[in-house]
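The values are calculated or read from the model by the stated rules, or taken from the named source; none is laboratory data. Bear in mind that the values here come from a model prediction, so they are computed numbers and not experimental data. Reconstructed Cβ throughout: ideal geometry from the backbone, glycine too, with neighbour counts over all protein chains shown.
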Amino acid sequence: MAPAKPVGAHKARLNCIAPRSRMKIIKGLRWLSDVTQVLVLDRLNPRRRRFSELASTSCRELKFHSRAKIQSLPLSQIIAKFTSHSFEQVSLPGPFTDLSDIGSMNGYHVLGSLVRSLEPRRILEFGTYLGVSTQTMALNAPKDCRIYTVDLPDETSPEAVPKINSIDKLHIRKSRHRVGEAFLHSSLSKQIIQIRTDSMKFCAETEMREVDLVFVDGGHSLPIIENDTENAFRVLSATGTILWDDYFHLYPDVVQFLDELRTRFPLYGIAGTNLVIYCRRFCNPIK
């Protein structure tokens, strides 16, 4: 058996590698160490497990969006289609607003920016939940804008709602008797009309007309998102916009539906989010 080479021999061999290649190897080893630490070792530590789970989810989202069928565009490129006016300020929910692990400040910033650029007179939202997205839209909409937001009645139990997945059942349990709490006791409530009904039984055109923005973020099972989208198109104004949330791996029915819809309408993802947008102003592909 050949004698083991001294440690100095291995160092000498590494030193023989070209500096640029050596730096790539070192960076690769550091990256592997970081990934192992965050995704594997931190998951074993109760204090760090939450961060590990968030990192894992982020990795899966990035993987999904890198292969998504719907083209993503920067927010600035999309907003440029709506307005030539620039604005710096977007109003966001305050630091004490309970997000309940739904959405992110980046997502609400994008939503607020879109509302500010569209200047809608009427908004229809499917899925009020705690009302943070409703609040964000009201903060950035014109003062005379009316926001209609649809969610199940408080007495509805998750088991009584057909055709919903396990994630939606959890959201229903969390939000009972808390629906819309982000705006209920604020001055914004004057702009907001709550509609407490099952969206599968809801006929939008009996309540409103000429809606400039529809935000589809209710149930994520295929029959529900199909029905909510049909409602959206029936009341959409001539220059109206539809925005869908949750186009990512956790909601395969949303992905399936929007991937098929893109073959009939020009849909675009918004980079850095799980949002997909359609606007009747997009008669031709965005360049």
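Annotations for the structure displayed:
- Residue within the stretch 215-222 that is assigned to a strand (DSSP E or B) and under 20 Å from the mean Cα position of the chain (by Cα) present: yes
- Some residue of the stretch 36-56 being at pLDDT 85 or above and either farther than 30 Å from Asn106 by Cα or not basic (Lys, Arg) (or both): yes
- Scan of the stretch 175-185 for residues that are crowded, with 18+ Cβ neighbours inside 10 Å and either over 21 Å from the mean Cα position of the chain (by Cα) or outside any loop (DSSP other than H, G, I, E, B) (or both), ordered by number: Ser175
- Checked across the stretch 223-240, the condition of being part of a loop (DSSP other than H, G, I, E, B) and either modelled with pLDDT of 95 or more or crowded, with 16+ Cβ neighbours inside 10 Å (or both) holds for no residue.
- From Glu125, Glu61, residue being acidic (Asp, Glu) and either without any contact (Cβ under 8 Å) to a residue 24 or more places away in the chain or assigned to a helix (DSSP H, G or I) (or both): Glu61
- In the stretch 155-174, residue surrounded by the most Cβ atoms within 10 Å (Cβ to Cβ) [restricted to those that are touching a residue at least 12 places away in the same chain (Cβ under 8 Å) and among the hydroxyl-bearing types (Ser, Thr, Tyr)]: Thr156
- Only listed residue being in the same structural domain as Ser100 (by TED's automatic domain parsing) and either modelled with pLDDT of 95 or more or assigned to a helix (DSSP H, G or I) (or both), chosen from Asp144, Asp154: Asp144
- Hey, Gln135 in contact with a Pro (Cβ under 9 Å, 6 or more places away or on another chain), within 28 Å of Tyr251 (Cα to Cα) and assigned to a helix (DSSP H, G or I) or not: yes
- Residue in the stretch 53-75 that is surrounded by fewer than 20 Cβ atoms within 10 Å (Cβ to Cβ), in contact with a Leu (Cβ under 7 Å, 6 or more places away or on another chain) and aliphatic (A, V, I, L, M) present: yes
A quick yes/no check of all residues on (1) surrounded by 19 or more Cβ atoms within 10 Å (Cβ to Cβ); (2) of a type in the set (Phe, Trp, Tyr); (3) without any contact (Cβ under 8 Å) to a residue 24 or more places away in the chain; (4) not assigned by TED's automatic domain parsing to the domain that holds Lys143:
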site	(1), (2), (3), (4)
Lys81	no, no, no, no
Gln89	no, no, yes, no
Phe96	no, yes, yes, no
Tyr108	yes, yes, no, no
Leu111	yes, no, no, no
Ser117	yes, no, no, no
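- All conditions in (1) buried (at least 18 other Cβ atoms within 10 Å of the Cβ); (2) without any contact (Cβ under 8 Å) to a residue 12 or more places away in the chain hold for Phe257, with the sole exception of (2).
- Scanning the stretch 143-153 turns up one or more residues that are over 24 Å from Val276 (Cα atoms) and basic (Lys, Arg).
- Of note, Asp101 does not satisfy the criterion of being modelled with pLDDT under 80 and more than 30 Å from Glu181 (Cβ to Cβ).
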